Amino acid sequence: ARARCGATRAMARRGAVVTRASAGFVLRNCGDKSMAHLDAPVPVPGDLEINQPKSVIGRQMSAAVNLPIEVPTVSGAHAMIDVVDGKVMVTDLTSTNGTFIDGEELLPGVPTQLLVGGEVIFGDEFLARFELVQQQVDAAK
């Protein structure tokens, strides 16, 4: 069994108080960065800052794609991310290798909520596995 990303959800289950200011979200890359499954090495994707109400994840930056993950197992236009009323919704755009939230494959075209601390995989569990974290503007007082 592979290790899951992050400790945010586990902290919440243990009753830890987590104070957040509403500022935005980041997809933190938490894959193991292995490239053994690829024909050639690629740059390791970094974290993805979600700073627009609607974003598209894809293999290369373009007029349609504003969050690139430059890995060959990620489709050209892989998934859409919508931030609606403070909720992050992920929609698979009929990608070749699928989009997964917390281990469950998304049906193409069906928006699915990604919770803070949740894990999303964009077609490549080694290089394109991310945990949703909420950015903080103000520290807890």
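The values are calculated or read from the model by the stated rules, or taken from the named source; none is laboratory data. Everything quoted here is computed from the prediction, not taken from an experiment. Glycine also receives a Cβ, built like all others from the backbone with ideal geometry; neighbour counts cover every protein chain displayed. These accessible areas exclude ligands, DNA and RNA; they are computed on the full protein's heavy atoms, side chains included. Shrake-Rupley method; radii C 1.70, N 1.55, O 1.52, S 1.80 Å.
Brief remarks follow.
- Cα-based shape type of segment 44-129, given that a ≥ b ≥ c are square roots of the gyration tensor eigenvalues and the cut on a/c is 1.5: rounded
- Net charge contributed by nearby residues that have their C-beta within less than 9 Å of residue 120 (K/R +1, D/E -1): -2
- For segment 33-123, a crude dipole built from +1 on the beta carbon of Lys and Arg and -1 on the beta carbon of Asp and Glu, taken about the Cα centre, is about 200 debye to the nearest 20.
- Taking all protein chains as shown and a probe of 1.4 angstrom, residue 99 keeps an accessible surface of around 0 Å².
- Computed extension gain for residue 136 through residue 115, at 0.36 nm per residue and net of the alpha carbon distance, reaches 6.0 nm.
- Rounded FRET efficiency, nearest 0.05, which uses the C-beta distance separating residue 42 from residue 82 and R0 of 22 Å: 0.20
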